[in-house]
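*Asks:* My questions will all concern the structure given below.
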Amino acid sequence: MSKRSDLHYYPDGDILIIVDNTIFRAHKIILKMAAPTLLNHEQQGNEGNELPFINIPDISASVMDIALSIIYPRYFIMPTWENIDSLLSLASNYVINKIYVAGVTFLYHNFKKNPLDAFYLADKYKLSFLFEETSKLVLDHLPKYKEDPTFQKLPLEIQSALIARHMSYVHSLAELSVNHFLSTYHHTCNNPSFHNKQLNQEIESRVLSILDQPSNITPSKVWTIMLSHININVSDGTDCNSYFMSDHLTKKFNIMFGDFKYLEIDKDEENPKYYIYISRNK
Ligand SMILES: [Zn+2]
C-alpha cells in the first residue's frame, strides 16, 4: 500500500516519516539539527523491531521530497511557485528554519514575476518586509490584480487596505494641477517671473501628459513623469531651479500623493522606479 520514497529512503536511517502513503527513512540526528519540533511528533513502531515514525498529514509526498532535499546536504532543489505555499506551511507548523529561509529566499528572488501570489504568501506567513515590497508592484497595477482569483483569497482587511491606498492615489490624480506645485514657491533667483514662466510651462506639460493618458496610468509612471529633474536654462538661477526640482517638487508631490518608495531590490539601479505601498501592522 505504502511506497518508499525514491529520493529519501536511507538504509541506515533510524526514523520513518510517513506522508501521503509514502515512507521516507531519515536520520534522527539530521532532524534533531534541522527540524527538532518534528521529533516531538515521533511515535513508537507497533512491534519491537519496527522503527519509530512520524505522521505528517496535509502535505503531499512531493513537497516532503523537496523539504528533505533542502534539509539534507545531498540534492539541491529550489522551491517553485507550485510548492512554495506548502513548504512555508510545513516550515511554520514545525519550525523548520532551513526550509523557511529557502522559501523566503525564493520569494525574494522571484516576487517580481508573480507579485500578487508573493503578496498573498507574505501576508499569510507574516513576512513584513516582503509584504511591503510586493505591495508596491500589486498597487502599481491594482485594477488588473483585483480581477485575479488570488485577490479574493486575501483577508478582507488586506483587500480593503490595498483598495483604500489605490483610491487615495486616484483621488490625488484628479486633483493634479500646476498651481499646487507653483503657487507657494519662493524664488531665490534674479529673474523670478521668467523662471516661474519656464517652470509653469514645464510642469503644465507634465500634468497634461499624465491627464492625456488612459485612466489606468500607473502610480510609478506618474512619479517618473512629475519628478524627473530638468535643468531649465535661467541665468543666475541654477540653485533656484535645482532647489525647485529636487526639494520643492518632491515635497509638494508627497503632500498630494503620499509616500512613494523604490523596491529595495532595485536600490542600486540608476533610476529606480518609485511606488505607492502599504505596510503590515506589526
Ligand atoms: Zn527661480
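*Asks:* Which one is nearest to the ligand (Cβ to nearest atom) among residues in the stretch 165-193 that are surrounded by 17 or more Cβ atoms within 10 Å (Cβ to Cβ) and closer than 21 Å to residue 216 by Cβ?
*Replies:* The selected residue is 176.
*Asks:* Additional query: Test residue 197 against the criterion of being free of Cβ contacts under 8 Å to residues at least 24 places away in the same chain, within 16 Å of the ligand (Cβ to nearest atom) and among the charged types (D, E, K, R), and give yes or no.
*Replies:* yes
*Asks:* Same structure, new question: Give just the number: which of (1) among the hydrophobic types (A, V, I, L, M, F, W, C); (2) in contact (Cβ under 8 Å) with a residue 24 or more places away in the chain; (3) touching a helix residue (DSSP H, G or I) at 6+ places or on another chain (Cβ under 8 Å) does residue 61 not satisfy?
*Replies:* Looking at each condition in turn, residue 61 falls short on (3).
*Asks:* Something else now. Please count how many residues of the stretch 222-244 are within 30 Å of residue 166 (Cα to Cα), aliphatic (A, V, I, L, M) and either near the ligand (Cβ under 10 Å from one of its atoms) or at pLDDT 90 or above (or both).
*Replies:* 4
*Asks:* Between a residue in the stretch 20-48 that is within 17 Å of residue 74 (Cα to Cα) and any residue that is among the aromatic types (Phe, Trp, Tyr) and part of a loop (DSSP other than H, G, I, E, B), which pairs come within a Cβ distance under 7 Å, given they are 6 or more apart or on different chains?
*Replies:* 25/10; 26/10; 27/10; 30/72; 35/94
*Asks:* Further question on the same structure: When you scan the stretch 252-269, how many residues do you find that are assigned to a helix (DSSP H, G or I) and more than 16 Å from the ligand (Cβ to nearest atom)?
*Replies:* 8
The values are calculated or read from the model by the stated rules, or taken from the named source; none is laboratory data. Quantities reported herein were computed from a predicted structural model and do not represent experimental measurements. Note that we place each Cβ from the backbone using ideal geometry, even for glycine, and neighbour counts take in every protein chain shown.
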